[in-house]
1. Could you order the peptides 66-75, 251-260 from most to least packed, using the average number of other C-beta atoms within 10 Å per residue?
2. Out of all DSSP beta bridges in the chain, what portion is antiparallel? Express it as a percent rounded to 5.
3. Take the solvent-accessible surface of the protein heavy atoms, probe 1.4 Å, and return the percent of it on region 317-466 that carbon and sulfur atoms account for.
4. So, R0 is 30 Å and r is the distance between the beta-carbons of A258 and A201; what FRET efficiency does that work out to, to 0.05?
5. Nearest 0.05, what FRET efficiency do D40 and L176 give at R0 = 25 Å with Cβ-Cβ as r?
6. For region 342-481, what class follows from the C-alpha gyration tensor (a ≥ b ≥ c being the square roots of its eigenvalues): rounded when a/c is under 1.5, otherwise prolate if a/b is larger than b/c, else oblate?
7. Arranged from highest to lowest average of other beta-carbon atoms within 10 Å per residue, in what order do the peptides 99-106, 469-476 appear?
8. Which distance in nm do the two modelled labels at I345 and S475 give, with both placed 7 Å along the Cα-to-Cβ direction?
Amino acid sequence: MTYKIKIALVLGLCAFFSSCKREYLNAVPQTTISNVTAFDSPSRILNSINGVYSAFKAGGFYGGRAVVAGDIRGEDFLNETSNLVTGSDVWNLNPQGSTSFVENVWRAGYYAINNANIFIDGMNAKGTSVVGQTLANNYIAEARLVRAISYYTLLQFYARPYTDGNGSKPGIPLRLTGITGSGSTNLARATVGEVYNQIIADLDFAEANLPLTYNNATLNVTRAHRNTAIAFKTRVYLSMANYAKVITEANKIVPQTAPFVATSGVPHALQANIANVFTNYTTNESILSMPMSSSAGDNPGTQNQLGYYFYQNGSTPGSAEFSLNPNGIIADPLWTATDARKSLIFTNAGGKKFIAKYKTPSPYTDWVPVMRWSEVLLNLAEALARTNTSVDARALTLVNAVRQRSDPTTILVATTQQQLIDIILRERRIELLGEGLRNNDLMRLLQTIPAKGSAPAKAPTDQGYIWPIAASELSLNNLMTDN
């Protein structure tokens, strides 16, 4: 089991902290160690950074629920169970501050942030003198990258999009030091722009201090390296509509022409068969994934798992909480029947379709994709398309690279800038279906969330376009305001 820092958690944080399998994150056996001695030796420091990832992959966050919420708020899934615990209110776009998803994602997100902050504080106070400046900066960079992704993810649910007011709207509390006891709960909301500025600062630090590679396929997927930070900056800047910066960041690792293999660091590339990405978790297409195993505590836990929500195959895995909307992206005629991505859709005996990216049975040990190379290519393609008033040739080549990996007989063609943008947005929905990114795209573009099934559409000006603040935060933080 990976290392836990013994702390008194605040903000009503629950024990979402799940451990990482030793072979995945190079941990060594140990017992729980107090934060006083957590930075006494290189092995304890290594266990501590593994604990930062372990908090991040908790079932309430990137072990499942944050990813699930990112998809079911959109129009491509239908709710099958009307279960509030498993997100029927999220799907209906009417959750309350005390309901399951709103509370769990908030708590787990800030739990991950607090673990990162405690680690950074400990390294600055003691750990650097134990392992030296270079390795210390590597570890701190990993913690800052986890913190950055955590803040970015929370913004997508609990704050207005950056593009609504250029970051001027209320964001979320920006906690940058670790909380190890009571008396530190009161903190006002930073603006959306202030939180994004911190996210970029963390990712810039991570890029400058992470290793180019761990020279190990598993570690290159489960721990952050230089290209991980660059890739995430393309996602963040896309959400800020800073398309010039998306291009600048992506150009550090994406070549000008095909084949689009990363030019330095880990040689990221599209797999010839997309199905391999969801069975062989350590290919070079996976930039960051959260590993899971059948060991106790090393999987998302009850009603958190992606397979539980999205898959059904007779009496085998999945609770079939959310089927694919027959009027959603799967109905798009440009998603052809011969496209290999159709193999990642399962049709049950009743004719309903489900995502088949996550198929392992209980305890649901599918690794959770956090970022893939195909997204980086699509991020760059969209940024190029939006900054060129004609049809950007490189953007069209990039989106065709993603399409033709799975559908080699189709060539996507655009004659106008808007047509190219529409093609790229469609390709994102197809390629990244079930990976938690649909909400991000709707939010950043200030688009109405379309109606689906019995759930009505939700315009950007409507109440419920973003989530309320978790009730536990409002009860413990006297300076906090609700949405």
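1. Ranking the peptides 66-75, 251-260 by packing returns 66-75, 251-260.
2. Details: 14 of 16 bridges.
Approximately 90 percent, going by the DSSP bridge assignments.
3. Working: 2940 of 5370 Å².
Its accessible area is 55 percent carbon and sulfur atoms.
4. After rounding, the FRET efficiency stands at 0.35.
5. Values: r = 24 Å, r/R0 = 0.97.
Given R0 = 25 Å and the Cβ-Cβ separation, E is 0.55.
6. On the way: a/c = 1.92, a/b = 1.27, b/c = 1.51.
Verdict is oblate for region 342-481.
7. Details: 99-106: 23.5, 469-476: 19.1.
Output ranking for 99-106, 469-476: 99-106, 469-476.
8. Simple spin-label model gives 4.3 nm for this pair.
The values are calculated or read from the model by the stated rules, or taken from the named source; none is laboratory data. Only a predicted model underlies this, so the values are computations on that prediction, with no experimental measurement involved. Don't worry about glycine lacking a Cβ; one is built from the backbone with ideal geometry, like all the others, and counts go over all protein chains shown. All accessible areas refer to the heavy atoms of the entire protein, side chains included, with ligands and DNA or RNA removed. Shrake-Rupley method; radii C 1.70, N 1.55, O 1.52, S 1.80 Å.
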